[in-house]
Amino acid sequence: MMSSSFDLSHLEELTSNAEQTQDDLLKEILTLNANTEYLRQFLHGSSDKTLFKKNVPVVSYEDVKSYIERVANGEPSDVISGGPITRFIKSTGTSGGKQKIFPINDEYIEQLGYVLNLRSLVISKYFNEIGVEQGKTMEFHFIRPESTTPSGLPLSLAFASFFMSDYFKNRPSKCNSEYTSPDQVILCPDSKQSLYCHLLCGLCQRDEVVRVGAAFAYSLVRAIDFLGNYWKELCGNIRSGHVSEWITNHNCRSSVSAILGGPNPILADVIEQECSHKSWEGIIARLWPKAKRIECIITGQMGQYIPILDFYSNKLPLGSTIYGSSESLFGINVDPLSKPQDVSYTFVPNLSYFEFLPVDHDGDMASIVDLVNVKLGCYYEPVVTNYFGLNRYLIGDILQVVGFYNSTPQFRFIRRKNVVLSVDIEATTEEDILKALAHVNLLLESSDVMLIGFTCYADISTFPGHYVFYWELKARGVNDVVEVDKKVFVKCCSVLEESFNVLYRRFRGQRGQDGSIGALEIRVVQQGTFDSLMEYFISQGGSTTQYKTPICINSSEALAVLENRVLDRFYSERSPSLET
Ligand code: AMP
């Protein structure tokens with residue numbers, strides 16, 4: 001079990017002895033797991049590192065899925081793991097959103113707690129150094145109710161498992177009530193009630209809040225958007241000292257009522273005044289005047305939300321402190337002062353055994369290197385061996401080595417392999433988009449038109465953000481004009497949505513409720529638009545021979561080429577088949 005009481009010298013020690021720590025850890029994992037059905041076929045019971053490197057294949061989810069599923073379906077843990085498998089976690093953002101499940105036990109929860117403690121130590125050190133007074137954190141965390149695997153083991157998202165665990169319930173820092181929200185608000189299974197109560201608690205304690213955050217930037221942006229719709233009601237609750245009737249979750253209601261105390265018309269007036277400004281510029285800084293920092297992941301796909309967070313917070317420092325996944329936790333940002341573009345994550349060497357596959361490996365798996373042997377400036381994909389049954393597992397992220405902390409490398413997150421579109425934490429790949437288009441092509445065919453150009457982007461200037469597809473159509477008959485019934489386009493929007501992965505569909509909304517992704521939009525553009533787009537790219541230094549219309553566009557100049565030629569817009573309508 002990982003110790004929960006330590007100071008920062010522990011991090012110095014770990015990062016100074018990364019090689020030894022990693023070797024010891026691999027030995028421990030192999031001693032535990034060498035006799036599992038999976039590893040036995042490669043190692044024949046040995047826990048030797050050289051044999052491991054020589055014989056154990058580098059794998060992706062599809063390669064090990066059947067082993068994982070057998071345990072999820074009730075076969076003994078030792079198919080893949082020498083230790084007990086007591087629960088499963090679902091990934092959110094990986095493999096183009098196709099949901100994967102991973103076996104874990106309480107040690108994973110402890111690891112998460114351990115990394116969060118390390119992160120808190122680093123942040124407190126920074127706070128002390130710059131002389132910021134201690135105070136509370138308003139953090140937007142949520143859970144989704146657990147489900148179970150066919151054999152009855154609990155199945156949930158990593159953070160939800162953590163918040164629902166005894167580890168979290170019994171954490172030592174709880175007595176300092178470090179969060180503005182009581183645990184009951186985080187644990188409320190209804191995310192709307194939970195969000196409302198997070199805000200109510202945060203507003204009531206506005207003078208104590210020194211940090212505002214969420215796991216990923218998008219949750220924070222959504223919370224502020226929600227505040228935009230609910231501030232009058234929230235102020236009404238503060239004024240009367242009475243929580244709105246629709247907060248029906250009993251635990252949530254009673255814990256929030258206690259925080260609300262009684263009527264507070266003076267506070268309600270102050271908040272009302274701030275929220276009534278025409279512009280919401282600086283709303284976070286105005287409502288929580290002592291807030292010194294925003295903490296949430298703003299690297300990778302989340303980078304798109306930096307401008308809006310800067311706008312809401314009057315550019316409070318943004319701290320992106322942690323890098324992890326369902327497969328393994330990786331590292332922390334040891335320099336909380338770094339600017340968003342300079343954020344790097346120092347791998348913590350006692351979490352999992354980490355190897356790195358160079359991005360330009362040309363299929364040569366032998367080019368894989370250990371944590372301490374990565375080269376400055378080079379790009380790698382991490383490969384993880386963990387305690388719970390993943391062996392040499394490709395994570396699918398592309399990282400760049402940007403420095404070393406003691407002997408441990410620091411990585412910048414570059415991108416997810418293959419992701420092209422994302423609004424929330426869903427990830428829609430090139431492959432997903434192409435598959436979805438194949439479905440609509442059938443519909444277009446029956447309307448006698450062809451799609452001759454398309455591209456897309458995630459429009460986050462609307463709330464909620466949504467996917468926009470630009471389409472150029474051509475009539476099948478050479479001289480015919482394109483004539484398509486509006487209903488066909490609306491249907492096409494829905495067909496695209498229905499073909500996207502389960503996470504997209506879930507975030508799009510369930511049981512008639514709006515989700516965190518808005519209705520998909522098709523913008524039909526004039527004939528010749530995609531030629532103009534090509535000309536634009538070529539003018540930027542592209543070549544006609546190698547030109548391929550980008551499936552997803554993120555340059556504003558290129559988008560302007562399309563935007564100036566839009567003829568018509570269509571949106572999807574909610575369809576029952578979106579329900580997951
Ligand atoms: P999941 O397993 O669903 O929790 O998703 C994990 C993935 O989220 C990682 O593999 C990354 O692609 C992404 N992710 C997690 N932390 C960060 C971070 N700090 N910066 C950028 N992307 C991240």
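Points to keep in mind about this one:
- The local environment of L337, defined by Cβ-Cβ distances under 12 Å, has a net charge of +1 under the rule Lys, Arg +1 and Asp, Glu -1.
- Accessible area per residue for the chain is 43 Å², calculated with a 1.4 Å probe on protein heavy atoms, without ligands, DNA or RNA.
- Debye equation applied to the C-alpha atoms of the stretch 302-351, log10 I(q)/I(0) at 0.20, 0.30 Å⁻¹: -0.73, -1.12
- Only the Cβ atoms of Lys and Arg (+1) and of Asp and Glu (-1) were treated as charged; on that basis the dipole of the chain about its Cα centre amounts to roughly 780 debye.
- Accessible area ranking (1.4 Å probe, heavy atoms, ligands and nucleic acids excluded), largest first, for C493, C378: C378, C493.
- Solvent-accessible area, 1.4 Å probe, carbon plus sulfur percent, for the stretch 388-519: 48
- Of the peptides 119-128, 270-279, 326-335, the ranking by mean beta-carbon count within 10 Å, highest at the top, reads 326-335, 119-128, 270-279.
- Inverse of mean 1/r across different Cα pairs in the chain, Kirkwood, Å: 25.9
- To put it simply, the accessible area of the stretch 234-381 at a 1.4 Å probe is 56 percent carbon and sulfur.
- A simple spin-label model places the labels of H242 and H439 4.7 nm from each other, with each point 7 Å out along Cα-to-Cβ.
- For the residue pairs K65/K417; K292/K375; K487/K548; K54/K375; K53/K375, alpha carbon separations beyond 24 Å are given by K292/K375; K487/K548.
- Rounded Å value of the spacing that divides the Cα centres of the stretch 330-355 and the stretch 239-301: 32
- Isotropic mean projected area of the C-alpha convex hull, the stretch 250-400 (nm²): 13.6
- Only one residue of V525, N33, G363 has its Cα farthest out toward the positive end of the dipole of the chain, where Lys and Arg carry +1 and Asp and Glu -1 on Cβ, and that residue is V525.
- A probe of 1.4 angstrom, applied to the heavy atoms of all protein chains, finds K27 with accessible area near 100 square angstrom.
- Hull shadow area, averaged, the stretch 424-509 [alpha-carbon convex hull, nm²]: 6.0
- Computed from the alpha carbon atoms alone, the convex hull of the stretch 195-241 holds 69 Å³ per residue.
- Positive contributions from Lys and Arg (+1) and negative ones from Asp and Glu (-1), summed over other residues with Cβ under 11 Å from the Cβ of V423, come out at -1.
- Since only H242, I224, P265 are under comparison, the one whose Cα sits farthest along the positive direction of the charge dipole of the stretch 172-272, derived from C-beta charges on Lys, Arg, Asp and Glu, is I224.
- Furthest towards positive pole of dipole, S46, F163, V420, structure part the chain, Cβ charges: F163
- Set of aspartates and glutamates with alpha-carbon distance to K27 below 16 Å, sequence-local pairs under 8 removed: E19, D48, E355, D370
- Ordering 466-472, 232-238 by mean Cβ neighbour count within 10 Å, with the highest value first, yields 466-472, 232-238.
- Rounded to whole numbers, the Karplus 3J(HN,Hα) couplings from phi for the stretch 197-212 are 5, 4, 5, 4, 5, x, 5, 4, 10, 4, 7, 9, 7, 10, 9, 10 Hz, using 6.51 cos²θ - 1.76 cosθ + 1.60 with θ = phi - 60°, and x at Gly and Pro.
- Scattering profile of the stretch 149-200 at q = 0.26 Å⁻¹ [log10 I(q)/I(0), Debye over alpha-carbon scatterers]: -1.09
- FRET efficiency estimate (nearest 0.05) - Cβ-Cβ, V402 to K290, R0 30 angstrom: 0.35
- A simple count of charges around R253, restricted to other residues whose Cβ falls under 12 Å of its Cβ and scoring Lys, Arg +1 and Asp, Glu -1, yields -2.
- Gain upon complete extension [E430, K315; 0.36 nm per residue less C-alpha separation]: 38.0 nm
The values are calculated or read from the model by the stated rules, or taken from the named source; none is laboratory data. The model shown is predicted, which means the values in this text are computed figures rather than measured ones. Quick reminder, even Gly has a Cβ in these numbers, built from the backbone with ideal geometry, and neighbours come from all protein chains shown. Only protein heavy atoms, including side chains, enter the accessible area calculation; ligands, DNA and RNA are left aside. Shrake-Rupley method; radii C 1.70, N 1.55, O 1.52, S 1.80 Å.
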